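Data first, discussion second: the structure below is written as C-alpha cells.
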Amino acid sequence: PINFLNSFPNTMARYPITVITRRELLAWVAAIMATSGCKKDPVDAKSPGMKVIVIGAGAAGLAAARTLKDGGAAVTVLEARDRIGGRIHTDRSLGGPVDLGAAWIHGRSGNPLTEVASELNIALKETDYEDVSVFGDGEQATAGDVQAAQAKTATLDEEVHKIAGRARVDSSAAAAYLLAMKGLSKDEREAVGWVLATRELNLADNLGRVSVKHLDQGEDLPGGDWLPVGGYDQLLRAATHGLEIRLSTVATKIVATDSGVTVHTRDGALTADHVLVTLPLGVLKAGSVTFEPELPRRKRKAIARLGMGVLNKVALKFETKFWPDSQFFGLVGDPIGRFPVLMNMHAVNGSNVLVALVAGDEARVLEERTDQHIVSEVVL
C-alpha cells in the first residue's frame with residue numbers, strides 16, 4: 001500500500017479537527033479584533049493622534065496597521081523576523097518567484113485581494129487543477145484513468161457523508177474513508193488514495209486529524225484560484241507605504257493598565273495607547289510573549305485547543321525543462337508518493353522550477369531533515 005493509506009489510523013481520532021472556511025475564519029478574526037483582553041476599550045480605526053503598537057507584520061498586522069494609519073493613528077509595527085509578510089514569503093533565490101507560504105488568491109469574485117491586484121497591476125494566472133499529468137510505476141496514467149479515480153472518489157464521498165450522518169459521535173475522515181473503501185481492489189485503493197492525498201494538501205494535514213462531520217463545512221468564494229505571476233508579496237505593497245515597521249524586534253511581554261500599554265522587547269520597551277497582537281497561533285501556544293494581566297481564560301483555552309496543519313514545499317530548479325507543459329504533476333506510489341503533487345512553475349512564470357507539495361505527518365518529518373536529504377527523496 002502507498003504511504004497515504006499507511007498514514008490512516010486504525011482507530012477513531014479522539015480530537016478530530018473541525019474544518020472552517022476562509023470566509024468563516026475572517027469572520028472569527030473580525031470578532032476577535034472587536035474584543036480586547038486588556039483593560040482599554042477596543043481600538044477605533046478612526047482615532048487621530050492615538051498611538052498603537054501592532055505586533056506582527058504578517059497580512060493581518062499590516063492590514064490593521066494600514067487601516068489605523070489611514071484613520072490618523074500613530075502606528076508602530078514590530079516584527080520578530082528580518083522580513084515582513086509572515087506566512088507570505090516569496091523567495092527569488094532560484095531565479096524566479098516561488099511562494100513558500102501563501103500562493104493563491106482563492107476565489108476571484110468578491111475577494112478584496114483581487115481589487116488590490118488590479119490596483120497594483122499585478123498579473124494573475126488562473127489555475128486549472130484538471131491540467132495534471134499523473135505518473136506511477138514509471139508510467140503516465142491516461143486521462144481516463146485519472147477521471148475514473150476522481151469518479152470513484154466522488155462515489156466514496158457520498159458514502160462517507162452517509163457514515164458521518166449515521167455516526168453518533170464524530171470521528172476522523174480517514175476512518176470513514178477506510179470503511180467506505182472496503183471491497184476496492186489494490187489498484188482502485190491506490191488511485192483513490194492519490195486523490196485523497198491531494199485533498200490533504202488543501203487541508204494541510206492528514207485526514208486522520210480532520211473531522212468527518214465537518215469535512216465539507218462552508219463555502220468558498222467563486223471565481224477559481226489565481227496565482228500572482230510575480231509573487232504573492234506584491235500584494236503587500238499598498239499596505240506598507242508610509243508605515244513604521246521595525247524588523248528583527250522580538251516582543252517578550254505586554255503590560256496593560258488603565259493609562260495605556262507597554263510592550264517589552266529584547267531591545268527595550270515601547271509605550272502606546274493600545275496594542276494589537278497578530279502573532280501566529282504557534283507563537284501564542286509557545287508562550288513566547290507573556291501578558292499582564294493574563295489573557296481571559298476563554299482566550300487561553302481557545303489558544304490551547306486550536307490545532308495547526310503543516311504544508312511544506314520543496315522547490316527544485318533544473319538546468320533545462322524536461323517535463324510536459326501541464327500545470328501539475330501527480331506522483332503515485334512509494335517512495336515518491338509522499339509528494340503527491342508537483343507544481344510546474346514554468347507554466348506560471350517560465351522558470352525551470354518544480355515545487356513538490358507535502359502535508360501532514362510527512363511535512364512535519366521534513367522539518368527535521370537537511371535540504372540535501374529532502375532533495376534526494378524527491379529526485380530519484
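Counting only protein heavy atoms and a 1.4 Å probe, segment 145-243 has 49 square angstrom of accessible area per residue. Ordered from largest to smallest accessible area (heavy atoms of protein chains, 1.4 Å probe), the residues Met50, Met308 come out as Met308, Met50.
Pick out, from Pro228, Ser211, Leu357, the residue whose Cα sits farthest towards the positive end of the charge dipole of the chain, with +1 on the Cβ of Lys and Arg and -1 on the Cβ of Asp and Glu. With unit charges placed on the Cβ atoms, the residue in question is Ser211. Largest first and in whole Å, the equivalent-ellipsoid semi-axes of segment 161-315 read 42, 23, 14, each the square root of five times a Cα gyration tensor eigenvalue.
Using a ≥ b ≥ c from the Cα gyration tensor of segment 167-227 (square roots of the eigenvalues), is it rounded, prolate or oblate, where a/c under 1.5 gives rounded and otherwise the larger of a/b and b/c decides, a/b for prolate? Write out the running numbers ahead of the final one.
Details: a/c = 2.34, a/b = 1.28, b/c = 1.82.
Verdict is oblate for segment 167-227.
Database remark: amide H of Val134 closer than 5 angstrom to the amide H of Ala141, Gly330 (H placed geometrically; neighbours at sequence offset of 5 or more, or on other chains; Pro and chain starts carry no H). Extent along the principal axes, Cα only, for the chain: 69, 54, 40 Å, with the longest axis given first.
Where Rh is the Kirkwood radius over the Cα pairs of segment 275-336, the temperature 20 °C and the viscosity 1.002 mPa s, what D in µm²/s does Stokes-Einstein return? Intermediate values should be presented prior to the final figure.
Numbers: Rh = 16.5 Å.
Translational diffusion coefficient: 130 µm²/s.
Per-residue ellipticity at 222 nm from helix content only, as computed over the chain with -39500 (n - 2.57) for each DSSP H run of at least four residues, stands at -9500 deg cm²/dmol. Look at where the Cα atoms of segment 189-209 and of segment 259-301 average out, and the two centres are 37 Å apart. Each Cα pair under 8 Å and six or more residues apart adds its separation to the average, and for the chain the resulting relative contact order is 26 percent. Report the local net charge at Ala151: Lys and Arg +1, Asp and Glu -1, summed over other residues whose C-beta lies under 12 Å from its C-beta. It works out to a net charge of -3.
Solvent-accessible surface of protein heavy atoms, probed at 1.4 angstrom with all chains present, puts Asp70, Asp137, Asp157 in the order Asp137, Asp70, Asp157, largest first. From the square roots a ≥ b ≥ c of the eigenvalues of the alpha-carbon gyration tensor of segment 264-380, which class results: rounded (a/c under 1.5), prolate (a/b over b/c), or oblate? Judged from the Cα gyration tensor, segment 264-380 comes out prolate (a/c at least 1.5, a/b above b/c). Counting only residues at least eight positions apart within a chain, or on another chain, the lysines with an alpha carbon under 23 Å from that of Lys213 are Lys152, Lys162, Lys182, Lys301.
Less than 5 angstrom separates the built amide H of Arg108 from those of Gly223, Gly224, all sequence-distant by 5 or more or on a different chain. Which of the three applies to segment 45-105, rounded, prolate or oblate, going by the alpha-carbon gyration tensor with a ≥ b ≥ c and a/c under 1.5 meaning rounded? The shape class here is prolate.
Peptide packing: for 103-109, 263-269, the average count of neighbouring Cβ atoms within 10 Å per residue gives the ranking 103-109, 263-269, highest mean first.
Roughly how many debye, to the nearest 20, is the charge dipole of segment 283-380 about its Cα centre, given +1 on each Lys and Arg Cβ, -1 on each Asp and Glu Cβ, and no other charges? Can you show the working numbers first?
Values: 13 positive and 11 negative charges, 150 e Å.
The dipole of segment 283-380 has a size of about 720 debye.
Near the amide H of Lys253, within less than 5 Å, lie the amide hydrogens of His264, Thr290, all on another chain or at least 5 residues away, with H placed in the peptide plane.
Take Arg237: with every protein chain present and a 1.4 Å probe, its accessible area is about 140 Å².
Per residue, the accessible area of segment 289-372 comes to 54 Å², computed with a 1.4 Å probe over protein heavy atoms only. The aspartates and glutamates within cross-link reach of Lys285, meaning a Cα-to-Cα straight distance under 15 Å and a gap of 8 or more places when in the same chain, are Glu294.
Counting only protein heavy atoms and using a 1.4 Å probe, what share of the accessible area of segment 68-172 belongs to carbon plus sulfur, as a whole percent? All intermediate terms of the calculation are to be shown ahead of the outcome.
Numbers: 2830 of 5920 Å².
With neighbouring chains kept in place, the figure for segment 68-172 is 48 percent.
So which chymotrypsin sites (Phe, Trp or Tyr not before Pro) in segment 308-380 end up in coil per DSSP with only 12 or fewer other C-beta atoms within 10 Å? Passing both the DSSP loop test and the Cβ count: Phe322.
Quick one: of the DSSP bridges fully inside the chain, what percent are antiparallel, nearest 5? All intermediate terms of the calculation are to be shown ahead of the outcome.
Details: 35 of 57 bridges.
Beta bridges within the chain, antiparallel portion: roughly 60 percent.
Think of the chain as having a plus end and a minus end, set by charges on the Cβ of Lys, Arg, Asp and Glu; of Thr320, Gly71, Gly309, Gly71 sits farthest toward the positive end of this dipole.
The values are calculated or read from the model by the stated rules, or taken from the named source; none is laboratory data. The shown structure was predicted, so the numbers you read here are calculated from the model rather than taken from an experiment. When we count neighbours, we look across all protein chains shown, and the Cβ atoms used for this are built from the backbone with ideal geometry, even at glycine. With ligands, DNA and RNA removed, areas are computed over all heavy atoms of the protein, side chains included. Shrake-Rupley method; radii C 1.70, N 1.55, O 1.52, S 1.80 Å.
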